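Colleague: The following block contains the structure, expressed as structure tokens.
The values are calculated or read from the model by the stated rules, or taken from the named source; none is laboratory data. The structure presented is a predicted model; accordingly, all values stated were derived computationally and were not measured. FYI the Cβ positions are ideal-geometry reconstructions off the backbone, even for glycines, and counts take in every protein chain you see.
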Amino acid sequence: MSETMYLIKNVKLYTGESIYPDGAVLTDGPSILYAGDVAKLTAPPLKGRKIEVIDGRGGICMPGLCSAHSHVAMTILRGVGGGLPLSEWLQRIFAIEALLTDDDICTGATLAIMEYLRCGVTCFADMYIRADGVLRAACEAKIRANACVGATSVSDVAENEALFHEFDGEGGLLRVYLGIHSEYATDKSVATLAAETALKLGTGMHVHVSETSEEVDACRRRHGGKSPVTYLCDLGIFDIPTIAAHCVHVDEGDMETLASHNVTVAHCPASNMKLSSGAALVAEMQERGVKVAIGTDGPASNNTLDMFREMRLAALLSSLSTKNPASLSAADAITMATVVGAQGAGFSDVGILRAGYTADLIIINGEAPFMATERDVVEDIVYVAAGGDVQMTMVGGQILYLNGKYTTIDTERAIYEARAVMSRLS
Ligand SMILES: [Zn+2]
């Protein structure tokens, strides 16, 4: 966490709640002291410290983005199984994943974190076959992250518990949830053990839920007509704070269950479209009170890690599937991609630029051509801006990415190591 005080000025500020055409943000260490109109900023107590000024050059300052569901190490598997449906795609993926070492996973995760930071992502929630490498990569990069093992066995749960003790709370940046891959890949005894372990540790859960119609049909056959949502709820999973990834095929009863329990749905529009899984009923879930965040999913089924594209796709897919262009507003898409995801990942003071909240924020380049005709900040963030327009990414009051340069990642080494893994696997 940073001890520096930064004053960001000369920006259009979107706090997640309000717009300030001439805004300013003042940070003190990891926290925000002030976010609002520059004219109302008063001199803070300096206690002998200097303030470093960041000139936003007319750009947009906004909360950092949070990907609520990912498998970051899968940068190494990008391009595998293009054109295959989920079940066949997974078989290809599982065969390669069996060859990955913990260091390979760390290498893949570091590469993904580089992409996330340059696209303005300050927080991600991850599930993978093993999570040690993901947590080590996040720890070194100083990005905010939540990780778990997508357990399919008792030993996976034990590994997840050990990781909780090693990493949860580290630097105020890391959370470790318990993970179960899914109803179809995790048997009842393992799922129950994971839930009991999460309860004991006072942490959350992360699970894939109702991604395809085939998954739901097979679950109903296996479990006396229960949908994956009902099955997991009956196991007590949803009494624990849970990230439920996808939830594409849910009925009214499922939505009621999701809304009345401590669940954050991670909507992954690009992955759902690429694998032909379907269009999640986001507007309908939200109307019924379900919390819905946005995730990139893994880079092997997206294939980018650009949350700007993901917000845009979420809004466009909702408009297309409901035939209502107002079904998911640009402001809603940003809320989903920031504060809802961060809270689902266990970070309660992240995702809004407000005094007392954590200084996780980004600046979109004021020299991007669209900024010359900028009329509606919120619409432009969702429908025009892209990851490549991000100029600065700050997490916990520390600048991690500025004008193409990373402050915590040795990029040459990261790329060299990723190439070495690729050549070994080929
Ligand atoms: Zn996934």
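Colleague: Could you give every pair whose Cβ atoms fall below 8 Å, whose first residue belongs to the range 405-426 and is closer than 30 Å to Arg92 by Cα, and whose second residue is at pLDDT 95 or above and among the acidic types (Asp, Glu), counting only separations of at least 6 or pairs across chains?
Modeller: Correct list of pairs: Val421/Asp104.
Colleague: Something else: Return a yes/no flag: does the range 101-109 have any residue that is closer than 21 Å to Gly396 by Cα, in the same structural domain as Met371 (by TED's automatic domain parsing), under 22 Å from the mean Cα position of the chain (by Cα) and modelled with pLDDT of 95 or more.
Modeller: no
Colleague: Follow-up question, since we're still on this one. When you look at Glu183, is it under 30 Å from Ser321 (Cβ atoms) and surrounded by 24 or more Cβ atoms within 10 Å (Cβ to Cβ), yes or no?
Modeller: yes
Colleague: Tally the residues that are in contact with a Leu (Cβ under 8 Å, 6 or more places away or on another chain) and on the phi > 0 side of the Ramachandran plot, restricting the search to the range 364-403.
Modeller: Residues in the range 364-403 being in contact with a Leu (Cβ under 8 Å, 6 or more places away or on another chain) and on the phi > 0 side of the Ramachandran plot: 1 in total.
Colleague: Now for a different question. Could you please find all residues in the range 246-265 being under 22 Å from Asp217 (Cβ atoms) and either at pLDDT below 95 or within 14 Å of the ligand (Cβ to nearest atom) (or both)?
Modeller: His246, Cys247, Val248, Val265
Colleague: So, in the range 350-369, exactly how many residues are farther than 9 Å from Gly59 by Cβ and among the β-branched types (Val, Ile, Thr)? Give the steps one after another, and end with the answer.
Modeller: Step one: of the range 350-369, the residues farther than 9 Å from Gly59 by Cβ are 350-362, 369.
Checking the rest, the ones that are also among the β-branched types (Val, Ile, Thr) come to 350, 352, 358, 362.
Of the residues in that region, 4 qualify.
Here's the yes/no breakdown for (1) closer than 25 Å to Thr122 by Cβ; (2) within 14 Å of the ligand (Cβ to nearest atom); (3) touching a residue at least 40 places away in the same chain (Cβ under 8 Å); (4) in a loop (DSSP other than H, G, I, E, B):
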residue: His206; (1), (2), (3), (4): yes, yes, yes, no
residue: Asp217; (1), (2), (3), (4): no, no, no, no
residue: Gln286; (1), (2), (3), (4): yes, no, yes, no
residue: Gly289; (1), (2), (3), (4): no, no, no, yes
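Colleague: Give the number of residues within the range 212-229 that are in contact with a Gly (Cβ under 9 Å, 6 or more places away or on another chain) and under 18 Å from Glu256 (Cα atoms).
Modeller: Residues meeting the conditions: 2.
Colleague: In the list Val390, Val384, Val378, Val339, which residue meets the criterion of being without any contact (Cβ under 8 Å) to a residue 24 or more places away in the chain and of a type in the set (Val, Ile, Thr)?
Modeller: Result: Val384 is the single residue among Val390, Val384, Val378, Val339 that is without any contact (Cβ under 8 Å) to a residue 24 or more places away in the chain and of a type in the set (Val, Ile, Thr).
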